[in-house]
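The values are calculated or read from the model by the stated rules, or taken from the named source; none is laboratory data. No experiment lies behind these values; they were computed from the predicted model shown. For neighbour counting, all protein chains shown are included, and Cβ atoms are generated from backbone atoms with ideal geometry for every residue, glycine included.
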Amino acid sequence: MNFQEVKNISDIPKNKYLIYALSIDGKYIVLGRGKYNRAKVIFDNIDQISYNHIKSLKIRLYHLFGSHSNFKREIVITESIEHAKDLEKEKHKLFGGNSLEIDSNIIDKLFKDLKNDSRIKLFLEIAVTSRYSGLNDLRRWYKEQIISEAHWQKISNMLQLPTE
C-alpha cells in the first residue's frame with residue numbers, strides 16, 4: 001500500500017487504524033501507526049502541539065531550528081491493528097522514521113546560547129532524549145517545581161510554548 005498525501009488535519013480519518021508519516025525534504029522523521037489521536041502529530045507546528053506523542057518535541061525542533069520548509073504529511077488507511085503493525089514494520093524498513101535522533105545542526109542551534117553547565121541545557125538534553133514525550137516531561141517538571149519559574153520562562157521562550 002502506498003502513502004497518500006494529506007493537506008489538512010481534517011483529512012485524517014478518526015476511527016480507522018492507519019500509518020502516518022512526516023517527511024522533510026524526502027527524509028522521514030516520523031513514521032508510526034495508530035488512530036487519529038496519534039496521527040495528528042504530523043500536523044504539529046508552532047501553534048499546535050501533541051504533547052503526549054514521543055515525537056512532538058522532535059517535530060517542534062525541526063519547525064523552530066530546521067532550515068526545511070518542505071514538510072510532507074502522508075497516511076495509509078489500514079484494515080486492522082494487525083495490518084497496521086505489519087505495514088508499519090515494512091514501511092520502517094523502506095523509509096526509516098523510527099528514530100528519535102535529531103539532526104545535529106538543529107541540536108547545535110537549540111544549545112547555541114546555553115552554557116555547558118547550565119540547568120536549562122541539562123533539562124533540554126534530558127527532554128530531547130526522552131523515551132516518552134520530552135515536551136510533556138518539561139511541563140511536568142515545571143508543575144512539580146523541578147524547573148524553576150525563571151528557567152521555565154527561558155525554556156518556554158526557546159521552544160515557543162504557549163503560556164498555560
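Brief remarks on what is shown
- Any hit, region 7-26, residues being under 25 Å from Lys112 (Cα atoms) and out of contact with any strand residue (DSSP E or B) (no Cβ under 6 Å at 6 or more places or on another chain): yes
- Only one entry in Ser80, Ser23, Ser50 is under 12 Å from the mean Cα position of the chain (by Cα) and either more than 25 Å from Asn157 (Cα to Cα) or assigned by TED's automatic domain parsing to the domain that holds Ile126 (or both), namely Ser23.
- Any chance Asp108 is within 25 Å of Val30 (Cα to Cα), under 20 Å from the mean Cα position of the chain (by Cα) and crowded, with 16+ Cβ neighbours inside 10 Å: no
- Being part of a loop (DSSP other than H, G, I, E, B), surrounded by fewer than 20 Cβ atoms within 10 Å (Cβ to Cβ) and not charged (D, E, K, R) is a condition met by at least one residue of region 53-60.
- Hits in region 74-105 - residues which are exposed (fewer than 15 other Cβ atoms within 10 Å of the Cβ), among the charged types (D, E, K, R) and either part of a strand (DSSP E or B) or touching a residue at least 60 places away in the same chain (Cβ under 8 Å) (or both): Glu79
- Matching residues, region 114-164, being farther than 25 Å from Asp44 by Cα and not aliphatic (A, V, I, L, M): Lys115, Asn116, Asp117, Ser118, Arg119, Glu144, Gln145, Ser148, Glu149
- Selection status of Leu135, in a helix (DSSP H, G or I), in contact with a helix residue (DSSP H, G or I) (Cβ under 7 Å, 6 or more places away or on another chain) and either in the same structural domain as Asp25 (by TED's automatic domain parsing) or in contact (Cβ under 8 Å) with a residue 24 or more places away in the chain (or both): yes
- Inter-residue pairs, beta-carbon under 6 Å, first assigned by TED's automatic domain parsing to the domain that holds Leu138 and crowded, with 18+ Cβ neighbours inside 10 Å and in region 150-164, second assigned to a helix (DSSP H, G or I) and hydroxyl-bearing (Ser, Thr, Tyr), 6+ apart: Trp152/Tyr142
- Filter result for Ile46 (in contact with a His (Cβ under 8 Å, 6 or more places away or on another chain), under 28 Å from Ser148 (Cα atoms) and in a loop (DSSP other than H, G, I, E, B)): yes
- Failed criterion for Gln145 (all others in (1) touching a strand residue (DSSP E or B) at 6+ places or on another chain (Cβ under 9 Å); (2) modelled with pLDDT of 95 or more hold): (1)
- Residues of region 111-144 satisfying the condition of being of a type in the set (Ser, Thr, Tyr), more than 18 Å from Arg60 (Cα to Cα) and surrounded by 15 or more Cβ atoms within 10 Å (Cβ to Cβ): Tyr142
- Only listed residue being of a type in the set (Phe, Trp, Tyr) and free of Cβ contacts under 8 Å to residues at least 40 places away in the same chain, chosen from Phe71, Phe111: Phe111
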